[in-house]
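*Asks:* I'd like to ask you about the structure that follows.
Read-outs: derived from the displayed coordinates by stated rules, not from any lab. Not measured: the values here are computed from a predicted model. Cβ placement follows ideal geometry from the backbone for every residue including glycine, while neighbour counts extend to all protein chains displayed.
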Amino acid sequence: MAIVTLLTDSGENDHYVAAIKAKIISTNPGIRIEDISHKIKPADIGHAAFVLRAVFRDFPKGTIHLVGVDSTGNRGDSFIALQVEDHFFVGCDNGLFGLITDKNHQTLVELNSINTISTTFPERDIFAPAAVKLASGVAITSLGKPMSTFKKMTDRQVKATKKQITGTVIRVDHFGNLITNIPREPFDILSKGKAYTVQFGGEKFRRIQTYYNQAEQGECFILFNSIGLLEIGIYKGNASELLGLGYDSTVNIFFEEQV
Amino acid sequence: MAIVTLLTDSGENDHYVAAIKAKIISTNPGIRIEDISHKIKPADIGHAAFVLRAVFRDFPKGTIHLVGVDSTGNRGDSFIALQVEDHFFVGCDNGLFGLITDKNHQTLVELNSINTISTTFPERDIFAPAAVKLASGVAITSLGKPMSTFKKMTDRQVKATKKQITGTVIRVDHFGNLITNIPREPFDILSKGKAYTVQFGGEKFRRIQTYYNQAEQGECFILFNSIGLLEIGIYKGNASELLGLGYDSTVNIFFEEQV
Amino acid sequence: MAIVTLLTDSGENDHYVAAIKAKIISTNPGIRIEDISHKIKPADIGHAAFVLRAVFRDFPKGTIHLVGVDSTGNRGDSFIALQVEDHFFVGCDNGLFGLITDKNHQTLVELNSINTISTTFPERDIFAPAAVKLASGVAITSLGKPMSTFKKMTDRQVKATKKQITGTVIRVDHFGNLITNIPREPFDILSKGKAYTVQFGGEKFRRIQTYYNQAEQGECFILFNSIGLLEIGIYKGNASELLGLGYDSTVNIFFEEQV
């Protein structure tokens, strides 16, 4: 029996999340439901895409991810189910899914084409039934009409030259740590045999460390985190507040030939 | 095996919710527990009743709903188990259960009459054992002495005449949307062949729409929501903050003969 | 199949908790995971220890408690698994486990000695695999090298004489209630045949009650709570805010011979 994960912006003080779960359980009580988060900021598809991208591959292949973030989207957005990297996703084609992977989809269908229910609560009335079908072994191709493509938005891009990598903060996490879009690979290549300076706000550092606790309490740390991205923080402090940086702040790494 | 849902005002940063779950699991590890919410405002039985009423019927019949909101109630309030609309409820007779349905109960017992445990934590020590018994197939009649009635409070009433429907906001949800107590049925009947104006705060609108995304971002929407109640919001905005309206605000619909 | 509980300071708006769960499920889909809390204040091992101590014994013996609070600890802190009071705990030896019980451990091993993974996310990469092994029946002794002792911190102590018990507030809970470290036993012994006065802030009371609802709404209550500790609150109010007391505030009980 497959797992259905839930990722929504519905919060936890209303009936919305329970209504989605109740729908799933009522249809197939054997399904295992796992919450990813219901604390996505309302309609913030960037926040949702960051969280989903960071964790979906940790679930077993074949897991169904029901995504209820900005589900009303814009007029004309379809409700879709897609298979990509051997995972299934069900939600609104509002651009979010284009941000979670660079791989091509294996299958993509438009749910609306079959399910023509008029609803203001698609998570409960359209996504949950589709997720239950997938979890129960129904083929994704039977859930709707094939589509050729889904919405792709251009994510913030990292610029890398021999002299410089420039990225931005794409997430301030629960601890106030600043997670950037700078991956480890270009840094490893470009930093070979070179000294470097990491610069953000008014700060400059000449070392990227390996573990959080290599910084003293209250000191700044810079490391490649558990999802392979450059992360800046204050050890046992809130870097976003203390450094005055946040979403979209610029982070530079400058390389110089060592003499 | 039946499902036990949990609805409490205990928050999530203490041991309270885990203690209830541990008690259930320790007694019968096969029970499926589903959280409805633990974010009910402390002792706010109106908030709890709104959430429970909105979702309990979505769970399978026979589900046991353990309600730990204002469980100490007022001196003299009984702890009860009741069956209504083929669902079971366990909690304190503080008026909450009278707000979730207009139907008569099928069975009603006073838990205290059998279980005379002295406790300051009835959710763990009285409600959880009762819920486990129900989930394990024990008859509700064996949990306590039959009672003839439980506390009924008068909910805010909608006034409807040929010229006007007047209701109030009964819930500001996570998105800041204003959910009123005005149901769809009287509107459908009274609006036949008539123009209408929806009025709240200083605003007047002449259209109730069908979907959220028929409004533009930042525009006001008015629709009958997924639980059949009139809902007012700002598309991708927080209506409560932006309109300065909240719990108990008045909403009117005026009808006029079309000329 | 054993249960794995999770207690972290990771919050619920990132991918962290889902990543831990995904790791567990991917390895052994039959494991039952129960959240204790993810709302521990970042790196607050006192908060975490209070919650864990209050609830771990309510779970069945053999339950595995994965603790991800201040997991990076201080440089040199080991990652450990221990068995105590027939429960298993997996986490960082940062002092937290020394605060949850006064009993000696049954078994204690250092996880690092076998698992030498370099990681900035030990909950996912080290604790979760260890918890899965324990839940799957692997002996704790096979998870690492035996250690003789783990970090013990001195908890705030209660002072008790024939004339006086002095304790402190060790937790302000979700309701604003002030939970002290004063247990029922010394009070029961010392109060025999004596009048007493409970004093905190500028307040003095001459009665410890049995139930919350023996106070009127807005009145102060003092009772021994469901975990056997003296608790002070305002009935249906927030005592911490209303009394201006909080973590570490002093509470005295004075005894006097009755004439």
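*Asks:* Would you please state which residues of segment B:234-256 a label at B:Glu219 would reach in this model, taking the label point 7 Å out along Cα→Cβ and a backbone N cut-off of under 11 Å?
*Replies:* Flagged as within label range: B:235.
*Asks:* Would you mind listing the distances between the A:Asp188 label point and the same position in each other copy? Use 7 Å along Cα-to-C-beta, nm, one decimal, shortest first.
*Replies:* With the label placed 7 Å along Cα→Cβ, A:Asp188 yields 6.2, 6.2 nm.
*Asks:* Normalised by the empirical 2.2 N^0.38 Å for globular proteins, what value does the Cα Rg of the protein assembly as shown take?
*Replies:* 1.02
*Asks:* Under the Karplus relation 6.51 cos²θ - 1.76 cosθ + 1.60, θ = phi - 60°, what is the ordered set of whole-Hz ³J(HN,Hα) values for segment A:2-8, x standing for Gly and Pro?
*Replies:* Per-residue couplings from phi come out as 6, 9, 10, 9, 10, 9, 9 Hz.
*Asks:* For a quick check, take a GNM of chain A with Cα springs below 10 Å and name the residue from A:Tyr211, A:Tyr16, A:Tyr196 with the largest mean-square fluctuation.
*Replies:* Among A:Tyr211, A:Tyr16, A:Tyr196, the largest mean-square fluctuation in the Gaussian network model of chain A belongs to A:Tyr211.
*Asks:* How far, in nm to one decimal, is C:Ala139 from itself in the other copies if the label point is set 7 angstrom along Cα toward Cβ? Shortest first, please.
*Replies:* When each copy's label point is compared with this one, the spacings are 5.1, 5.1 nm.
*Asks:* Here's a follow-up. Rounding to the nearest 20 debye, state how big the charge dipole of segment A:27-152 is about its Cα centre with +1 on each Lys and Arg Cβ and -1 on each Asp and Glu Cβ.
*Replies:* 80
*Asks:* Among bridges DSSP assigns within chain A, what percent are antiparallel (round to 5)?
*Replies:* 75
*Asks:* Need one number: % antiparallel among DSSP beta bridges in the protein assembly as shown, to the nearest 5.
*Replies:* 75
*Asks:* To continue, here is another question. Report, for A:Arg156, each distance to the same residue's label point in the other copies, shortest first and in nm; define the point 7 Å along Cα→Cβ.
*Replies:* For A:Arg156, the other copies' label points sit at 4.1, 4.1 nm, shortest first.
*Asks:* Less than 11 Å Cβ to Cβ from B:Ser240, Lys/Arg counted +1 and Asp/Glu -1: what total charge do the surrounding residues give?
*Replies:* Taking every Cβ under 11 Å from that of B:Ser240, the sum is -1.
*Asks:* Charges at C-beta only: +1 for Lys and Arg, -1 for Asp and Glu. How large is the resulting dipole of chain C about its Cα centre, in Debye rounded to 20?
*Replies:* Roughly 520 debye, rounded to the nearest 20.
*Asks:* Find which of C:Phe224, C:Thr197, C:Ser249 sits farthest along the positive direction of the dipole of segment C:153-259, computed with +1 on the beta-carbon of Lys and Arg, -1 on that of Asp and Glu, about the Cα centre.
*Replies:* Highest projection toward the positive end goes to C:Thr197.
*Asks:* Using unit Cβ charges (K, R positive; D, E negative) and no other charged atoms, how large, in debye to the nearest 20, is the dipole of the protein assembly as shown about its Cα centre?
*Replies:* I would put it at about 600 debye.
*Asks:* Right, next: Determine how many Å³ per residue the convex hull of the Cα atoms of chain A encloses.
*Replies:* 144
*Asks:* Taking the alpha-carbon centroid of each part, what is the distance from segment B:134-184 to segment A:38-117 in angstrom?
*Replies:* Taking the Cα centre of segment A:38-117 as reference, the centre of segment B:134-184 is 35 Å away.
*Asks:* Residue by residue through segment C:167-180, which ³J(HN,Hα) values in whole Hz follow from phi under the Karplus form 6.51 cos²θ - 1.76 cosθ + 1.60 (θ = phi - 60°), with glycine and proline marked x?
*Replies:* These are the phi-based 3J(HN,Hα) values: x, 9, 6, 10, 7, 9, 7, 3, 8, x, 6, 9, 9, 9 Hz.
*Asks:* With an 8 Å Cα cut-off and a minimum separation of 6 or more residues, compute the relative contact order for segment A:102-259 in percent.
*Replies:* 24
*Asks:* How far apart, in nanometres, would the label points at C:Ser113 and B:Ser191 be if each is projected 7 angstrom from Cα along the Cα-to-Cβ direction?
*Replies:* With each label placed 7 Å out from Cα toward Cβ, I get 7.3 nm.
*Asks:* Report ³J(HN,Hα) in whole Hz for each residue of segment B:185-191, in order, from the Karplus equation J = 6.51 cos²θ - 1.76 cosθ + 1.60 where θ = phi - 60°; Gly and Pro get x.
*Replies:* Result, ordered by residue: 4, x, 5, 4, 6, 6, 7 Hz.
*Asks:* Please report A:Ile40, A:Ile24, C:Ile117 as a ranked list, fewest other C-beta atoms within 10 angstrom at the top and most at the bottom.
*Replies:* Least crowded to most crowded, the residues run C:Ile117, A:Ile24, A:Ile40.
*Asks:* Still on this structure, I have one more. Taking R0 as 30 Å, what's the FRET efficiency between A:Ala139 and B:Val138 from their Cβ-Cβ distance, rounded to 0.05?
*Replies:* Working from the Cβ atoms, E equals 0.10.
*Asks:* Over all directions, the average projected area of the alpha-carbon convex hull for segment B:80-228 comes to how many nm²?
*Replies:* Computed as one quarter of the Cα hull surface, the answer is 12.5 nm².
*Asks:* Check which residues have an amide H placed less than 5 Å from A:Ile182's amide H, if you skip close sequence neighbours.
*Replies:* Residues meeting the amide H criterion: A:Thr168, A:Leu230.
*Asks:* Using helices alone, what [θ] at 222 nm do you get for chain A, with -39,500 (n - 2.57) per DSSP H run of 4 or more residues, divided over all residues and rounded to the nearest 500?
*Replies:* Result for chain A, helices only: -4500 deg cm²/dmol.
*Asks:* Counting only trypsin sites (Lys or Arg not before Pro) that are in a DSSP loop and have at most 14 other C-beta atoms within 10 Å, tell me the longest site-free stretch of chain C.
*Replies:* Answer - C:1-60.
*Asks:* Among DSSP bridges having both ends in segment C:36-111, what percentage is antiparallel? Round to the nearest 5.
*Replies:* 75
*Asks:* Is the C-alpha gyration tensor of segment C:1-147 telling us rounded, prolate or oblate? Criteria: a/c under 1.5 is rounded; beyond that, a/b larger than b/c is prolate, otherwise oblate.
*Replies:* Cα axes put segment C:1-147 in the rounded bin.
*Asks:* I'd like to know which of A:Asn238, A:Phe187, A:Met1 lies farthest towards the positive end of the charge dipole of chain A, counting +1 on Cβ of Lys and Arg and -1 on Cβ of Asp and Glu.
*Replies:* A:Phe187
*Asks:* Of C:Val158, C:Ala81, C:His174, which is farthest towards the positive pole of chain C's charge dipole, taken about the Cα centre with +1 and -1 on the beta-carbons of Lys, Arg and Asp, Glu respectively?
*Replies:* C:Val158
*Asks:* Residues of segment B:102-138 with amide nitrogen under 16 Å from the 7 Å Cα-to-Cβ point of B:Asp155?
*Replies:* Label zone hits: B:102-105.
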